1. From the list B:75, B:35, B:48, which residue is surrounded by fewer than 17 Cβ atoms within 10 Å (Cβ to Cβ), under 26 Å from residue B:160 (Cα atoms) and touching a residue at least 60 places away in the same chain (Cβ under 8 Å)?
2. Could you tell me whether residue A:21 is touching a Lys or Arg at 6+ places or on another chain (Cβ under 7 Å), within 14 Å of chain B (Cβ to nearest Cβ) and buried (at least 21 other Cβ atoms within 10 Å of the Cβ)?
3. On the given criteria, is residue A:57 away from chain B (no Cβ under 13 Å) and either open to solvent by less than 10 Å² (accessible area, probe 1.4 Å) or touching a residue at least 40 places away in the same chain (Cβ under 8 Å) (or both)?
4. Looking only at strands (runs of 3 or more DSSP E) that fall completely inside the stretch B:93-193, which ones have 2 or more residues that are open to solvent by less than 20 Å² (accessible area, probe 1.4 Å) and not acidic (Asp, Glu)?
5. Take the residues in the stretch A:148-183 that are in contact (Cβ under 8 Å) with a residue 24 or more places away in the chain and more than 22 Å from residue A:124 (Cβ to Cβ), then tell me which one is farthest from the other protein chains (Cβ to nearest Cβ).
6. Can you name the residue in the stretch B:98-156 that is among the hydroxyl-bearing types (Ser, Thr, Tyr) and over 24 Å from residue A:40 (Cβ atoms) and is also nearest to the chain's Cα centre (by Cα) among such residues?
7. Based on this model, can you work out whether residue B:40 counts as closer than 14 Å to residue B:142 by Cβ, within 13 Å of chain A (Cβ to nearest Cβ) and hydrophobic (A, V, I, L, M, F, W, C)?
8. Go through the residues of the stretch B:71-87 one by one and say whether even a single one is outside any loop (DSSP other than H, G, I, E, B), more than 14 Å from every other protein chain (Cβ to nearest Cβ) and not aliphatic (A, V, I, L, M).
Number of protein chains: 2
Amino acid sequence: MKPVALEHASRLVNHGPTVLVCTAHEGRRNVMAAAWSMPVEFTPPRIAVVIDKSTWTAELARASGVLALCVPGAAISDLVTTVGQTSGASLQEAGSDKFTRYGIAHLAGPMLGLPLVAGCSAWMECRVIPEPHTQQAYDTWFVEVVSAQADERIFREGRWQLDDLNADLHTLHHLGAGTYAVAGQVKGSRRLD
Amino acid sequence: MKPVALEHASRLVNHGPTVLVCTAHEGRRNVMAAAWSMPVEFTPPRIAVVIDKSTWTAELARASGVLALCVPGAAISDLVTTVGQTSGASLQEAGSDKFTRYGIAHLAGPMLGLPLVAGCSAWMECRVIPEPHTQQAYDTWFVEVVSAQADERIFREGRWQLDDLNADLHTLHHLGAGTYAVAGQVKGSRRLD
């Protein structure tokens, strides 16, 4: 993984991939899948992400004020579906968490120390911008990216570089019910006269 | 085009496609491209979309309180890039608009009468939910879908159905600078034990 300049961080989710939201607070931690996120600004890099207010992820993010967004690739689609369909709160009550339960390899983020899922194509550590109204009314959280990294096999010079050699890292775009469109085919365009 | 049940409308942008935002007010009209949108709720179907507050689209949407979101397919990527890179305000000053200037075929939406771009894979007419703070701070508009239609060749029974026969309608996911990842390859997944 190589650092991504912060002015390019929004590009990591510009094309609408499903992300993993990782949280931690006082020794507890969680990871969930979020199909609904989007950049809202390039500089500073800010992203909106929908996190149901009733979730364990929301509780940890409220308590810590931070969260990480990981961009998974096609090779780990089963993992993405699994963390999207299981409850971190239930595992917590049993003294476990999704990382342990499903053997999810992870490492610590460089700036905030948040758990980052190994094997993802890109990662961002983010600070939550306090916006209680949109969290309450729309489950919409605004965050600001403070560190970003990407696998240079697929994201270089501020751009996704999708080709046949990095197919395992191609991003997932959730169609519903654990089925994804995989971003692979690339199409240029031209401005009409 | 066939009607889409409102409880399935959010699915139309669940996977992060670039959309066209169409607006009209008192005989003036515009269309722009927006790479940044996401559902925020299934029922009622609500979507967040980033529209720069300084744009002609923002002015028309503020004045009318409504906008349409069209989901374009691969066949019209040049049109998407064109309406994303040109200024409706400048054309308006010259007594024209993008529909006329670029010969964009369109029809009137069934509920609000908004211009809908012909050849798109799906359309939604929406009412703007007044949220001046998020519009000002994040250029983020929350809207509620009031009518939805999709081309049944590619969206049926509440699901995108991507295959080789409907490749022209496959959605566009903006990577930057007029280059798109085209949603085509579909991958299922399973929940891990």
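The values are calculated or read from the model by the stated rules, or taken from the named source; none is laboratory data. Bear in mind that the values here come from a model prediction, so they are computed numbers and not experimental data. Don't worry about glycine lacking a Cβ; one is built from the backbone with ideal geometry, like all the others, and counts go over all protein chains shown. All accessible areas refer to the heavy atoms of the entire protein, side chains included, with ligands and DNA or RNA removed. Shrake-Rupley method; radii C 1.70, N 1.55, O 1.52, S 1.80 Å.
1. Details: B:35 fails: surrounded by fewer than 17 Cβ atoms within 10 Å (Cβ to Cβ); B:48 fails: surrounded by fewer than 17 Cβ atoms within 10 Å (Cβ to Cβ).
Every option except B:75 fails the conditions.
2. Details: touching a Lys or Arg at 6+ places or on another chain (Cβ under 7 Å): no; within 14 Å of chain B (Cβ to nearest Cβ): yes; buried (at least 21 other Cβ atoms within 10 Å of the Cβ): yes.
The answer is no for residue A:21.
3. When the stated conditions are applied, residue A:57 passes them.
4. Working: elements: B:106-108, B:115-117, B:122-129, B:140-150, B:172-176, B:179-187.
Counting at least 2 such residues, we get B:115-117, B:122-129, B:140-150, B:172-176, B:179-187.
5. The residue in question is A:167.
6. Taking the stretch B:98-156 first, the residues among the hydroxyl-bearing types (Ser, Thr, Tyr) are B:100, B:102, B:121, B:134, B:138, B:140, B:147.
Next, from what is left, pick out any that are over 24 Å from residue A:40 (Cβ atoms): B:100, B:102, B:121, B:147.
Numbers: B:100: 19, B:102: 18, B:121: 10, B:147: 13 Å.
Checked the stretch B:98-156; the qualifying residue nearest to the chain's Cα centre (by Cα) is B:121.
7. Numbers: closer than 14 Å to residue B:142 by Cβ: yes; within 13 Å of chain A (Cβ to nearest Cβ): yes; hydrophobic (A, V, I, L, M, F, W, C): yes.
Judged against the criteria, residue B:40 is a match.
8. Applying the first criterion (outside any loop (DSSP other than H, G, I, E, B)) to the stretch B:71-87 yields B:71, B:73-85.
The next check asks that each one be more than 14 Å from every other protein chain (Cβ to nearest Cβ); those that pass are none.
Checking the stretch B:71-87: not a single residue is outside any loop (DSSP other than H, G, I, E, B), more than 14 Å from every other protein chain (Cβ to nearest Cβ) and not aliphatic (A, V, I, L, M).
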